[in-house]
Amino acid sequence: MTTLSSAGPPAGPSAGPAGGPASGTRHQWLGVIEEYRDLLDLPTDIAAITLREGGTPLVHSEWLSGLTRGEVWLKVEGDNPTCSFKDRGMTTAISVAVHSGARAVVCASTGNTSASMSAYAAKAGVTPIVLVPEGKIAAGKMAQAIMHGARVIMVRGNFDDCLTLARELSERYPVALVNSVNPDRLQGQKTAAFEIVDLLGDAPDVHLLPVGNAGNIAAYWLGWQEYAALGRASQVPVIRGFQAEGAAPLVLGHPVAEPETVATAIRIGNPASWALAVAARDGSGGRFAAVSDAQILAAQSELARRDGVFVEPASATGVAGLLAELTAGESYAAQRVVITVTGHGLKDTATALSSREPVGADPTQVIDRDVEQAAVAAGLHG
Ligand code: F0G
């Protein structure tokens, strides 16, 4: 009879040579490098530093499909390991940085990049250094960076100032810059487009997403084009990128010196990937448009209540854009639409709760241990 000690450890997350399970019979999603290695422009045979990012759900929205009389899907990127799409590009950027001998990595961030970089740096055993605008980072994101052991530097300035500093640090000191100006980031991030096509069988007609520093729209555009060139998709989607009204440089056509929005993740006045964003818009026949903070918060709230998907404010910007366009008379009828919702709502509960529209009675009540009181509070009485 086999004893426990001779049977060895139970099948667990320890990886085999190809990143697969060392034992066990179930296949675990391997992370975007192993799942799409042949399609990524990375050093051959590079070791993947992964937290099994990607493979996120594509959730059908009955609500938005009904409103548009089309087919609307949500790419739910909050289901990544650090709860935003940033993990896709961070597995590639950190893997390449470590491959090149980096001992420390740096980024400027509105919160999610710093959370993601810190986690992957921890996994890789290198030092994470993050530069963030003082007082403008959601608490959940700050907690992530701190818990993963980052040196968190708060800058009296905005994201654009932080990015300038991060670039300068990486030029003068031995530290690798992993903002999306680093092309290795886009290699990982483009896999979101691949996944959508692999699940739907083709590229959608229209793709909507929030745009801040513009790395994500650039990466999607790369992914859509590559899959079309390979014959895996018959078309590329029309891309519509949405920005917050107070931080809408791409809509205005010039940088914004003092960007301001409740959607702190996209509070950016001078996107680093400006030219790539314009190429995505023009190449796909798309456009940029702005939505107000009120529209963003209303979309966030409705998405949570109607579709069961709780996203952070910035992540609701694409949904807010769709709703605004419908109101303006734009038709999405019979169109297959994908909206990327970029990060999880739990990262910023303070904004979510403070902006929530009161719906009927106060949802939180305190009662004694009494079933009648519970029934009244629950609205079940009479
Ligand atoms: N949505 C969320 C939740 C984000 O965190 C970001 C960017 C975006 C959308 C916009 O994506 O910059 O590629 O156009 N966050 C960066 C950060 C700037 O530092 O976390 P983008």
Around Ala314, what is the net charge, scoring Lys/Arg as +1 and Asp/Glu as -1 over all other residues with Cβ under 14 Å from its Cβ?
-1
Could you derive backbone 3J(HN,Hα) for the stretch 166-177 from the dihedral phi with the Karplus parameters 6.51, -1.76 and 1.60 (θ = phi - 60°), listing whole Hz in sequence and x where the residue is Gly or Pro?
4, 4, 5, 4, 5, 7, 9, 10, x, 8, 8, 7
How far is it, in nm, from the label point at Leu353 to the one at Glu372 when both lie 7 Å from their Cα along the line to the Cβ?
3.1
Between Glu171 and Ala143, 0.36 nm times their residue separation minus their Cα-Cα distance comes to what?
7.3 nm
Looking at the square roots a ≥ b ≥ c of the eigenvalues of the Cα gyration tensor of the stretch 114-170, which shape do they give, rounded for a/c under 1.5, prolate if a/b is larger than b/c, or oblate?
oblate
Share of accessible surface on carbon and sulfur in the chain, whole %, 1.4 Å probe and ligands ignored, is 54
Hey, what's the stretch 140-216 come to in accessible area per residue, 1.4 Å probe, Å²?
41
Could you tell me which residue out of Ala122, Met154, Ser292 lies farthest along the dipole of the chain toward its positive end? Charges go on the beta carbon: Lys and Arg +1, Asp and Glu -1, centred on the Cα centre.
Ala122
Rounded to the nearest 500, what is the chain's calculated 222 nm mean residue ellipticity when only DSSP H runs of at least 4 contribute -39500 (n - 2.57) each, over all residues?
-11000 deg cm²/dmol
With a ≥ b ≥ c the root eigenvalues of the C-alpha gyration tensor of the stretch 180-323, is it rounded (a/c under 1.5), prolate (a/b larger than b/c) or oblate?
oblate
PRE zone check, label point 7 Å out along Cα-to-Cβ of Asp202, amide N under 14 Å, scope the stretch 58-92, hits 71
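I need the per residue convex hull volume for the stretch 94-235, using only the alpha carbons, in cubic angstrom as a whole number. Write down the numbers at each step before the final one.
Details: hull volume 17.1 nm³, N = 142.
Convex hull volume per residue, Cα atoms: 120 Å³.
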Coil-residue trypsin sites (Lys or Arg not before Pro) of the stretch 227-292, DSSP, other Cβ within 10 Å capped at 15:
Arg232
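Please say if the chain is rounded, prolate or oblate, where rounded means a/c under 1.5 for a ≥ b ≥ c the square roots of the C-alpha gyration tensor eigenvalues, and otherwise the choice is prolate for a/b larger than b/c and oblate otherwise?
rounded
Taking the stretch 51-100, which trypsin sites (Lys or Arg not before Pro) meet the DSSP loop condition and have no more than 12 other C-beta atoms within 10 Å?
Sites meeting the loop and neighbour criteria: Arg69.
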Take each of the peptides 91-98, 153-160, 367-374, average the number of other beta-carbon atoms within 10 Å over its residues, and list them starting from the highest.
91-98, 153-160, 367-374
Highest first, please rank the peptides 340-347, 123-130 by the mean number of other Cβ atoms sitting within 10 Å of their residues.
340-347, 123-130
Restricting to Cα pairs below 8 Å that are 6+ residues apart, what does the relative contact order work out to for the chain? Please round to a whole percent.
17
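The values are calculated or read from the model by the stated rules, or taken from the named source; none is laboratory data. What you are looking at is a predicted structure, and each value in this text was computed from that prediction instead of being measured. Cβ sites come from the backbone with ideal geometry, for glycine too, and all protein chains shown count toward neighbours. These area figures cover heavy atoms from the full protein model, side chains too; ligands, DNA and RNA do not enter into them. Shrake-Rupley method; radii C 1.70, N 1.55, O 1.52, S 1.80 Å.
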